[in-house]
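First up is the structure itself, then whatever we jot down about it.
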Amino acid sequence: MIKLVTGEEMQLIDSYTIKEIGIPSMVLMERAALGIVDHILKRKHIENEKVFILCGSGNNGGDGLAIGRLLGNKGIRTNIMLLSENYTQETSMQLKILQNLNIKVDKYDADQLKKYISESDLIIDAIFGTGLTREVIGHYKDTIQCVNNEDKFVISVDIPSGICSKSGKVLGVAIKANLTVTFGLNKLGNVLYPGTLYASKTNIVDIGFPKRAYDSRMLKHFTFDENALQKLPKREARSNKGTFGKVLVIAGAINMSGAAFLSAMAAYKIGGGLVNIMTHEENRVIIQTSIPEAIVTTFNTLDNKELDKTCFIEFKSSIKDANVIVIGPGLSQCKATKELLEYVIRHSKVPIIIDADGLNVLSNELSLIKEHQVEIIITPHPGEMSRLLGVSIKEVTENLIENANFISKKYNIICALKDARTIVTNPFDDVYINTSGNNGMATAGAGDVLTGIISGLIAQGLRPYEATCLGVYLHGLSGDKAKERVGVYSMMARDIIEEISKVTNIN
Ligand SMILES: NC(=O)C1=CN([C@@H]2O[C@H](COP(=O)(O)OP(=O)(O)OC[C@H]3O[C@@H](n4cnc5c(N)ncnc54)[C@H](O)[C@@H]3O)[C@@H](O)[C@H]2O)[C@@H](O)CC1
Ligand SMILES: Nc1ncnc2c1ncn2[C@@H]1O[C@H](COP(=O)(O)OP(=O)(O)O)[C@@H](O)[C@H]1O
Ligand SMILES: [K+]
């Protein structure tokens, strides 16, 4: 698990380290500067290059001054410009050290700035870090625009200047970096859109924050890297298909068998023991032919699109047998879907994953999930979430974490809000931010695959929140493998399924 922090949280970690532990601020700053210099010195022809460092008045600017000093020591041609005059204590001390060494530091001058930018090969952005609190205006804005207008390699110190460290939003204007080197823990702003596009590649350097400084805080945001594959459920040697759980997939109205197929296939491919598909009677043959490994039970609808109630006899025993239930993919928004959903919520004793049309039906009657007895996971995309919350899609996508948090808390459920950075929340404020996946996955059916993966993980015994976070991560990773094989243009949902085995086959 990789923790992520807001600027505010990082500042608390900074001040705990400095005030409670006693590591001097200047020591941290020196290590931060050394971390950046390491990256600069890795450049192939750095000895022939010219570096230009832009510094603000806060400690991010202090890092910049220290970088300038260390590069000067290495004989690298460096120009430094300070953009303002009300320095923090540390930045004043850094400036004093540079003065003692007779290192020139320019004050802001628009013409000189343009000259330095055009002369340099590498620009170091140390204007604002985690202390940015408001819109960037005036000569700061002009400076950032000047940098962005020239095609130079830019390294941002900690976070691209102009990006909000908590939300990833651009506060007016922001540096477009080629590389961001961040300290201690990665900042949310470097991971969330649009900030992540400005940060480009992000490297984290350890500057000596003691582990206790992180552990003493309730850090709620996290992400995964490939180490998360260790969390895959263990497969006992002495086992049978019952060991790995039973998934019930309630999916597929007339002519919509595809969604049921994709969810069920994904549930099998991730290791679920047995999948029972409950689908419309019309889909029986196609489903049985396309996925003979699945058990098929069916329901029928009457002329008015209500459910033919005789199906409840078989339905009851399917629900009783299942370890996890998926409901919604391709069900359509008819009365039957509402009846099925209501029945499942009332009678299930196992976790329920509600997706697609299950969510659309739910948005007309959220009271259905108010008094649920079991864990509920919803997997909306922004359109479905906007209907659930009665707000615009823009409001959803601009505040993914807040919206996912809100619905999780209000209804006591798990929410996987799907986007290019899917967010998974629970009622206890935990926030998983997914960084796997790619734009090839913006293809019909990719969401059905995700539901199947999550259900298969729950069937094998993972707890619902853990399964949802891991499922989202593995889904993205499978998409990344599919990108390598077929590329983003040709990727189809079935390509993601095909790659699940490559992702899980780790031993
Ligand atoms: N000892 C420490 O505290 C350490 C801090 N570090 C660096 O310090 C940074 C955080 O430093 P600070 O908290 O001083 O904050 P920043 O350096 O991000 O700058 C904040 C300063 O800019 C001003 N400001 C904020 N928004 C502005 C705007 N829109 N227009 C103009 N001025 C604006 C603030 O009033 C403040 O003076 C980190 O990102 C990191 O780079 C590192 O050196 C590691 C150690
Ligand atoms: N640009 C992207 N980067 C990463 N993941 C993406 C991107 N676009 C889509 N996805 C993922 O693909 C899936 C699409 O799901 P969804 O919109 O429900 O599709 P459908 O309803 O067609 O099945 C989600 O899990 C989403 O996170
Ligand atoms: K910066």
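The values are calculated or read from the model by the stated rules, or taken from the named source; none is laboratory data. All values reported here derive from a predicted model rather than from experimental measurement. No Cβ is skipped: glycine too gets one built from the backbone with ideal geometry, and neighbour counts run over all protein chains shown.
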Looking at residue 41, is it within 17 Å of residue 187 (Cβ to Cβ), more than 8 Å from ligand 1 (Cβ to nearest atom) and either among the small types (Gly, Ala, Ser) or assigned by TED's automatic domain parsing to the domain that holds residue 157 (or both)? no
Regarding residue 217, is this residue closer than 15 Å to residue 6 by Cα, away from ligand 1 (no atom under 11 Å from the Cβ), basic (Lys, Arg) and surrounded by fewer than 16 Cβ atoms within 10 Å (Cβ to Cβ)? yes
For residue 298, are the conditions met, namely being touching a helix residue (DSSP H, G or I) at 6+ places or on another chain (Cβ under 6 Å), under 18 Å from residue 338 (Cβ atoms) and either surrounded by 15 or more Cβ atoms within 10 Å (Cβ to Cβ) or not assigned by TED's automatic domain parsing to the domain that holds residue 325 (or both)? no
Looking at 203, 149, which one is among the polar types (S, T, N, Q), more than 13 Å from ligand 1 (Cβ to nearest atom) and within 22 Å of residue 36 (Cα to Cα)? 203
Determine, yes or no, whether residue 443 is farther than 21 Å from residue 227 by Cα and assigned to a loop (DSSP other than H, G, I, E, B). yes
Output yes when any residue across region 479-498 is more than 24 Å from residue 258 (Cβ to Cβ) and either modelled with pLDDT of 95 or more or of a type in the set (A, V, I, L, M, F, W, C) (or both), and no when none is. yes
What pairs come up if the first residue lies in region 1-24 and is under 16 Å from residue 431 (Cβ atoms) and in contact (Cβ under 8 Å) with a residue 40 or more places away in the chain, the second is among the hydrophobic types (A, V, I, L, M, F, W, C) and within 16 Å of ligand 2 (Cβ to nearest atom), and their beta carbons are under 7 Å apart, counting only those six or more places apart or on different chains? 1/224; 2/224; 4/191; 4/433
Go through region 339-388 and give me each residue that's in a helix (DSSP H, G or I), crowded, with 21+ Cβ neighbours inside 10 Å and charged (D, E, K, R). 357, 384
Considering only helices (runs of 4 or more DSSP H) fully contained in region 182-271, which possess at least 1 residues that are within 23 Å of residue 436 (Cβ to Cβ) and more than 16 Å from ligand 3 (Cβ to nearest atom)? 257-269
Is it true that some residue in region 233-245 is β-branched (Val, Ile, Thr) and within 22 Å of the chain's Cα centre (by Cα)? no
Given the condition assigned to a loop (DSSP other than H, G, I, E, B) and within 10 Å of ligand 1 (Cβ to nearest atom), answer yes or no: does some residue in region 106-127 qualify? yes
Residue selected from region 427-438 under the condition farther than 14 Å from residue 475 by Cβ and in contact (Cβ under 8 Å) with a residue 24 or more places away in the chain, by the criterion nearest to ligand 2 (Cβ to nearest atom): 433
Kindly indicate which of 103, 137, 127 is within 15 Å of ligand 3 (Cβ to nearest atom) and in the same structural domain as residue 81 (by TED's automatic domain parsing). 127
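A quick yes/no check of all residues on (1) within 16 Å of ligand 1 (Cβ to nearest atom); (2) in contact (Cβ under 8 Å) with a residue 40 or more places away in the chain; (3) under 30 Å from residue 241 (Cα atoms); (4) in the same structural domain as residue 259 (by TED's automatic domain parsing):
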{"position": "425", "(1), (2), (3), (4)": "no, no, no, yes"}
{"position": "441", "(1), (2), (3), (4)": "no, yes, no, yes"}
{"position": "472", "(1), (2), (3), (4)": "no, yes, yes, yes"}
{"position": "499", "(1), (2), (3), (4)": "no, no, yes, yes"}
